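Encoded as structure tokens, the structure appears first; notes follow it.
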Amino acid sequence: MPPRVPHATAWTVFDPAYQPGTSEQRAGDLRALLNPRSVLAILRDFYSRRMAWAALLISALLLAYGGGAVMFWYHAIYLGEGGPAISHWLHWLLDSSAGFVGLIPAIAVILPLAGWVAARVQDDQLRKTLYVVTGGVAFALVTAPGPFLHDALVGRGTWVASQVTSWWGDGRAPLPPAEQVGVVAEVARQVALGVPLYIVTMAVALVAVRAVVQLWRAA
């Protein structure tokens, strides 16, 4: 049986007042991330704390709706890609809500694993930096196929887009022709924007989570 926590705990990233035990303070072997049982142990340890679920919710909301706002602007407005005949606000809400539901399982895994990697560092500032970089890059890679999934699930012509347009569309929203882009180019520009965007979003989420944790401790 693997140890409950493979030598480190992700929670040190989110709660600066948390004092891990001696065995948790040792740097864990990164090869533990290749062992499914060790990964499950890291996840189990993280979500054994009630505040970890708040950290997940805060992070998921900011990544899906905050990061989603930037991605919506980039794809729908800057690149002028096609979309249903609805307002930009409703379009962003539809896309971000779909992203929130679809990506929360990935976020639930990325948070504790990125925190576990960062927990290997003793300096708090460096630990936070390592966490947001690791988590942001991981999330950018996970969302690389996002444009294709978006088009398949809620893009123009899908059942969801048709229903939303029928309910709230006024027929006057612009419908520019959808740009045809190759798979490699689409993925490359998605990741190129996603890496810095989600690193910043992870940093904002970490600040918010730490503030909530401090309020919870003070209560």
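With a cut-off of 13 Å between beta carbons, the residues surrounding Ala55 carry a summed charge of +2, where Lys and Arg count +1 and Asp and Glu -1.
For Ala119, nonlocal amide neighbours, meaning residues 5 or more places apart or on other chains whose placed amide H falls under 5 Å from its own, do not occur. Here's the picture: a label point sits 7 Å out from the Cα of Val200 along the beta-carbon direction, and within the range 108-143 the residues with their amide nitrogen under 20 Å of it are 128-143. Using θ = phi - 60° in the Karplus curve 6.51 cos²θ - 1.76 cosθ + 1.60, the 3J(HN,Hα) couplings for the range 202-219 round to 4, 5, 4, 4, 5, 4, 5, 5, 4, 5, 5, 5, 5, 5, 5, 5, 6, 6 Hz; x is entered for Gly and Pro.
Could you work out the per residue convex hull volume over the alpha carbons of the range 27-143, in cubic angstrom? Per residue, the Cα convex hull of the range 27-143 comes to 119 Å³.
Laboratory data are not the source of any read-out in this text; all were calculated from the coordinates shown. This structure is a prediction, so every number in the text was calculated from the model and none was measured. Cβ coordinates were reconstructed from backbone atoms using ideal geometry, including for glycine residues, and neighbour counts include every protein chain displayed.
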